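Asks: Here it is, the structure, as structure tokens.
Just so you know, all these numbers are worked out from the coordinates, no wet-lab data involved. Given the structure is predicted, the values throughout are model-derived calculations rather than measurements. Backbone-built Cβ (ideal geometry, glycine too); neighbour counts: all protein chains shown.
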Amino acid sequence: MTRSKSTAKARRAQQRQRVRRRRLVLTSVVVVVAAAAVAGLVWWTAGRQPGSQAGRSVERLMHVHGLAVAPWAPDDVYVATHEGLARIDAGGAWRYISEQPHDFMGFSANPTDDGVFYSSGHPAPGTDLANPVGFMVSTDGGATWSPRSLQGQVDFHAMTVAPSDGDVVYGWNGAGRAGLYVSSDGGASWDIAGGGMLEQVGGALSLAVRSDAPDEVWAGTQAELLASRDAGRSWESVLPGAVTAVAFDPADADRVVAYAADGDGLVESRDGGQTWSELGLVVDGEDAASHIAVHPDDPQTLYVGTYGEGLQRTTDGGNNWEPLAEAGVPRD
């Protein structure tokens, strides 16, 4: 990997020591994702109670299944969890905003339609939604949800929406009829793109669409970072090594941020993936980033969620990081 700036020798030595642990982490991540897809009918009710929970404070995160800062709500951070959709407001308060504690998977904001979110996952207890829910939509900022398509058929653990066209949606389904699903009408209908390299490396852990090109989708996988310029029909390698999360800057089409789980941590490219530089975040312990969100108005502000139920934020482009949640517990 070509880098545009160097790092301290001590940091590099520390990163190399973490490589083996990070590979073990990645193996466990893949196992967890696969197990969740297969066993969804069993575990989806665990720890959740029926009834409205909107407005309740978040005491502990149960998994980070999605992360978004929507252009139409730039002061809020949305966190999809095993127990519902939560929001961190401008004052730092954590509260659930979804009325039902659905287990949101593949959660994404529609960047071009105010108040609209998309998600997959598993329904809350006591509801009449299919399990898995397939593809569902909220048009009231995440409070209520209704099924749109693929009920009982897919469970998108990775999903993304084109920044320039909110009707273009990509989702990776790892169970049943596996593959990369592509919609051009906001999830009403779907095609399955030929997986090729993506299927050969075990599918997508994370998906992102270039901000000015709805047909250009990138996929973080257990083997490498892949890019498709033709809506998932063919793929090419962009960055070798396991990449567990990837996101494009909605304001800069050439800027992409990814998490290199084999030791380099959070990296960015400002030239469409030709060169990369480190952003000063290597998740401690046996953990890895699962989701990345780039602020739509302030490119220096990034949010990184982890498989270990952590959430980090930088407001200076990666020079300094602050934890917003650690081991599932929100920070005051």
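Asks: For Val329, list long-range residues whose amide hydrogen, built 1.01 Å from N in the peptide plane, is under 5 Å from its own amide hydrogen.
Replies: Those lying under 5 Å, H to H, from Val329 are Leu61.
Asks: Here's another thing I want to ask about it. Taking 7 Å along the Cα-to-C-beta vector as the label spot, tell me the Gln200-Arg270 distance in nanometres, rounded to one decimal.
Replies: It is 3.4 nm.
Asks: Would you pull out the residues with amide H under 5 Å of Gly166's amide H, same chain only if 5 or more places away, H placed 1.01 Å from N?
Replies: For Gly166, the qualifying residues are Thr112.
Asks: Per-residue counts of other Cβ atoms within 10 Å, averaged by peptide: what ranking do you get for 173-180, 94-101, highest first?
Replies: Numbers: 173-180: 19.0, 94-101: 21.8.
The most tightly packed comes first, giving 94-101, 173-180.
Asks: Multiply the residue separation of Arg60 and Ser146 by 0.36 nm, subtract the distance between their alpha-carbon atoms, and state the gained length in nm to one decimal.
Replies: Computed gain between Arg60 and Ser146 is 28.4 nm.
Asks: Report the label-to-label distance for Ala213 and Asp230 in nanometres (one decimal), using points 7 Å from each Cα along the Cα→Cβ vector.
Replies: 1.3
Asks: Next question. So how strong a dipole does segment 9-330 carry about its Cα centre when Lys and Arg Cβ are +1 and Asp and Glu Cβ are -1, to the nearest 20 debye?
Replies: Working: 22 positive and 40 negative charges, 252 e Å.
Magnitude of the dipole: close to 1220 debye.
Asks: ³J(HN,Hα) across segment 73-87 via Karplus (A = 6.51, B = -1.76, C = 1.60, θ = phi - 60°), whole Hz, x for Gly/Pro?
Replies: Once rounded to whole Hz, the list reads 8, x, 8, 10, 10, 9, 10, 7, 9, 5, 10, x, 9, 10, 9.
Asks: Something else: Set the Förster radius R0 to 56 Å, insert the Cβ-Cβ distance between Asp316 and Ser189 as r into 1/(1 + (r/R0)^6), and round the FRET efficiency to 0.05.
Replies: Working: r = 43 Å, r/R0 = 0.77.
Computed FRET efficiency for Asp316 and Ser189: 0.85.
Asks: On to the next question. I'm checking a number: the convex hull volume of the Cα atoms of segment 9-330, normalised per residue, in Å³. What is it?
Replies: Details: hull volume 36.2 nm³, N = 322.
Cα-based convex hull of segment 9-330, divided per residue, equals 112 Å³.
Asks: Let me ask something else. Can you list the HN-Hα couplings for segment 228-245, worked out from phi with the Karplus curve (6.51, -1.76, 1.60; θ = phi - 60°), rounded to whole Hz and with x for Gly and Pro?
Replies: 10, 9, 10, 6, x, 6, 9, 9, 9, 7, 10, 8, x, x, 4, 10, 9, 8
Asks: What order do you get for 63-74, 269-280 when each peptide is scored by the mean count of other beta carbon atoms within 10 Å, highest first? Present the calculation step by step, with values, prior to reporting the outcome.
Replies: Working: 63-74: 21.2, 269-280: 17.3.
The most tightly packed comes first, giving 63-74, 269-280.
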